[in-house]
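The values are calculated or read from the model by the stated rules, or taken from the named source; none is laboratory data. The structure presented is a predicted model; accordingly, all values stated were derived computationally and were not measured. Cβ coordinates were reconstructed from backbone atoms using ideal geometry, including for glycine residues, and neighbour counts include every protein chain displayed. Heads up: the accessible areas ignore ligands, DNA and RNA and are worked out on the full protein's heavy atoms, side chains in. Shrake-Rupley method; radii C 1.70, N 1.55, O 1.52, S 1.80 Å.
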Amino acid sequence: MPTARPGRPEIEARVRALHERGVGAINAGRISSGGRLLRAGLRRLGWPVGSGATTGDWAELTALTARILISLAPVEIQLGRADAGLGLLDEAERLVVTPTDRGLLLQQRGLMLVLIGRLADGLSAMDQAIPLLDPDSDVLARTLLNRAMLHQIAGRVRLALADLDASEAIARARGMERLLAKVMHNRGYCALLAGDIPGALRDLEAARAGFARHAEQLLPVIAVDRARVLLAAGLYTEAVAELDAALALFRGQRTQEYGEAELVRAQAALAVGDSAGARSWAGR
C-alpha cells in the first residue's frame, strides 16, 4: 500500500525543525553541517521551483523559504563563495513581505558585506535593519553584536562597546549563553584595540570558558585572537604555539576564520624571524 504523502502542516513543521537545527549548527561553528540541514529544508519546500520536492505549496510558504535562504547565505560566504551567498539574499529579497523579515534580510546582508570588505555598505545595511527588528529579540541581539564587530574593524571602540552593552542586556534577559560568550570575545578584542593587554586576555579567557560549555567549535577562533594579543605584547613564541594549537583545532575546516588564522600565523612567523615560513603561510 503506498505511503501517504505528507500534508503541508507536516512539511512545514519538518522544515522549521531543519531550519532551527541548521541555524544552531552554524551558530556553534559547524558551518558545513548547518548548510546541509538548511538545504534539506529548502528541498522540502520545493526550492528552487521544479526541483522535484515533496510539496506543491511553495508559493504559500515564501516567508519560510526566504528565512532559510537568509540563513544559508552566510554559509556560502564562510566557504569562500561570496557571489553565491549574495545571490541567495537577492533570491530571498524577492520573497520578503513583512518589515521584520526585511530587517532579517538587511542584517544578514550587512554582516556578509562586512565579511567581504564592503564596510560602509555593511554598516548602512545594519543601521537600516535595527529599527525593523523586534525589540529584545534574539536577532536584534545578534545584529548589535555584528555591528559592534564592524565598529571594531574600523577602530571605533566606543561605539563597539555601546552595541556590546545593548546586545549583552538582551542576551542576559533571554538566557543566550552562547551569545554572551561572543560578547566577551568581542570585549576582549576591544580591549586589544585600546591597548589593554591584561584586560584583553581576561575577557578572552572568559569567552573561552563560555565557548567550552556552549560552542566548542568556536574555541580555535578565540585562540587566534589570543595569539593576536600575545603578538601585540611581544610574546612571539607563545603566539606561535597558540596559533599552531588553533590550526589543529579547526580540524580541516576551510572557512574564512581558518584563512585568518593562517594569516596571523604568517605574521607570527615574521615576528620570530622565519621569513620563509611567513611566505608559506601567507601563500596559503
With R₀ set to 22 angstrom, the calculated FRET efficiency between the beta-carbons of ARG39 and ASP90, to the nearest 0.05, is 0.80
Under a 1.4 Å probe, counting only protein heavy atoms, TYR236 has an accessible area in Å², nearest 10, of 90
Phi angles of segment 116-121, converted by Karplus (6.51 cos²θ - 1.76 cosθ + 1.60, θ = phi - 60°) into ³J(HN,Hα) in whole Hz with x for Gly and Pro, give 9, x, 8, 5, 5, 5
Quote to one decimal, in nm, the extra length available between ARG213 and SER32 on full extension: 0.36 nm per residue of separation minus the C-alpha distance between them.
-> 63.0 nm
Charge dipole magnitude, Cβ of K and R +1, D and E -1 - segment 83-162, Cα centre, debye nearest 20 = 380
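What number, in percent, do you get for the relative contact order of segment 184-239 if the mean sequence gap of Cα pairs under 8 Å and at least 6 apart is divided by its residue count?
On the way: 53 pairs, mean separation 16.8, N = 56.
Here the relative contact order equals 30 percent.
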So what are the ³J(HN,Hα) numbers for segment 161-168, from phi and the Karplus equation (6.51, -1.76, 1.60; θ = phi - 60°), rounded to whole Hz, Gly and Pro as x?
-> 5, 4, 5, 5, 4, 5, 5, 5
Kindly write out, for segment 172-180 in residue order, the coupling ³J(HN,Hα) from the Karplus curve 6.51 cos²θ - 1.76 cosθ + 1.60 (θ = phi - 60°), rounded to whole Hz, with x marking Gly and Pro.
-> 5, 5, 9, x, 8, 5, 5, 5, 4
With every protein chain kept in place and a 1.4 Å probe, the residues MET112, MET149 fall, from largest accessible area down, as MET149, MET112
How many nm separate the modelled label positions at LEU235 and ALA63, each set 7 Å beyond the Cα in the direction of the Cβ?
-> 5.1
Where does each of 70-77, 86-93 land if you order them by average Cβ count within 10 Å, highest first?
-> 70-77, 86-93
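Any idea what the relative contact order of the chain is, in percent, if you count C-alpha pairs under 8 Å spaced at least 6 apart?
Values: 401 pairs, mean separation 28.6, N = 284.
It rounds to 10 percent for the chain.
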If the chain between ALA13 and SER280 were fully extended at 0.36 nm per residue, the gain over the current Cα-Cα distance would be 91.2 nm
Summed side-chain charge close to GLY24 - residues other than GLY24 whose Cβ falls under 10 Å, Lys, Arg +1, Asp, Glu -1 = +2
